[in-house]
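Enquirer: The structure's right below; bear with me while I get my questions together.
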Amino acid sequence: MATWLRSAVGPGGAILDVGGASGQLAALLAVALGAHVTVLDPEAKLLAHVPEGERVHIVMGVAESIPSGDGLFDAVVATDAFHHFRNQTVAVAEFARVVRAGGAVLVLDPDPRPFAMRLVALGERIVGEPGALLAPEAMRALMASAGIDGECTPEAGAGYRFLGTVRERPISAQLDESLDLSLPCTRRTET
């Protein structure tokens, strides 16, 4: 996995592991890339097991509302977590927001096309999870709609990898976001 991220994350870089649970991947990426990795997960029970240290940090939160400034990460990773997100469209927009232009987005998730994976998704929905598995084509289209261009590659087993790059945002969009041009609305009443 470090190999896939190396072009976007240099030594001292910053990675956000969304849905990172107990932080095992975060610890490995921190060592392999010499990067700082932040584990974001909504479950305090899981975050309690993250091996925090100089390069691994935790933040409690959800993918749909990442508590971070814009463009602060060189990469976002989500492994076996994307199908758990309650609103994938909002989560992808958050990925594009928190990763710098030219940074990487890496998602590894099950492919819903095999019958066995459809059964897994059904089981997850029965126990209250979203179980929202996306086919690779749908993942690529969703990412592109948020400004993340990439490709899906089959992985061993019944999964695939999406690896993409966050597009440069037009200067007009950056200005619109940084300036509040709204005027207070007052209502005039005649006397």
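The values are calculated or read from the model by the stated rules, or taken from the named source; none is laboratory data. Small disclaimer: the values here were computed from a predicted structure and weren't measured. Glycine gets a Cβ as well: all are built from the backbone with ideal geometry, and neighbour counts include every protein chain shown.
Enquirer: Between a residue in the stretch 32-52 that is farther than 21 Å from ASP74 by Cβ and any residue that is of a type in the set (Ser, Thr, Tyr), which pairs come within a Cβ distance under 6 Å, given they are 6 or more apart or on different chains?
Expert: Filtered contacts from the stretch 32-52: LEU46/SER22; HIS49/SER22.
Rundown of residues vs (1) small (Gly, Ala, Ser); (2) surrounded by 17 or more Cβ atoms within 10 Å (Cβ to Cβ); (3) under 30 Å from GLU168 (Cβ atoms), yes/no style:
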{"position": "LEU33", "(1), (2), (3)": "no, yes, yes"}
{"position": "LEU40", "(1), (2), (3)": "no, yes, yes"}
{"position": "LEU46", "(1), (2), (3)": "no, yes, no"}
{"position": "VAL50", "(1), (2), (3)": "no, yes, no"}
{"position": "ARG55", "(1), (2), (3)": "no, yes, yes"}
{"position": "MET60", "(1), (2), (3)": "no, no, no"}
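Enquirer: Could you check the stretch 9-27 and list, in sequence order, the residues that are within 25 Å of SER65 (Cα to Cα), surrounded by fewer than 24 Cβ atoms within 10 Å (Cβ to Cβ) and either among the aliphatic types (A, V, I, L, M) or in contact (Cβ under 8 Å) with a residue 60 or more places away in the chain (or both)?
Expert: Passing the criteria: GLY13, ALA14, GLY19, ALA21, LEU25, ALA27.
Enquirer: Please state which one of ALA104, ALA138, ALA93, ALA144 is at pLDDT 90 or above, assigned to a strand (DSSP E or B) and either surrounded by 13 or more Cβ atoms within 10 Å (Cβ to Cβ) or of a type in the set (A, V, I, L, M) (or both).
Expert: ALA104
Enquirer: Take the stretch 62-78 and flag every residue that is surrounded by fewer than 20 Cβ atoms within 10 Å (Cβ to Cβ) and under 17 Å from ALA14 (Cα atoms).
Expert: Within the stretch 62-78, PRO67, SER68, GLY69, ASP70, GLY71, LEU72 meet the criteria.
Enquirer: Restricting attention to the stretch 155-172, which residues are modelled with pLDDT of 95 or more and either aliphatic (A, V, I, L, M) or more than 16 Å from the chain's Cα centre (by Cα) (or both)?
Expert: LEU163, VAL166
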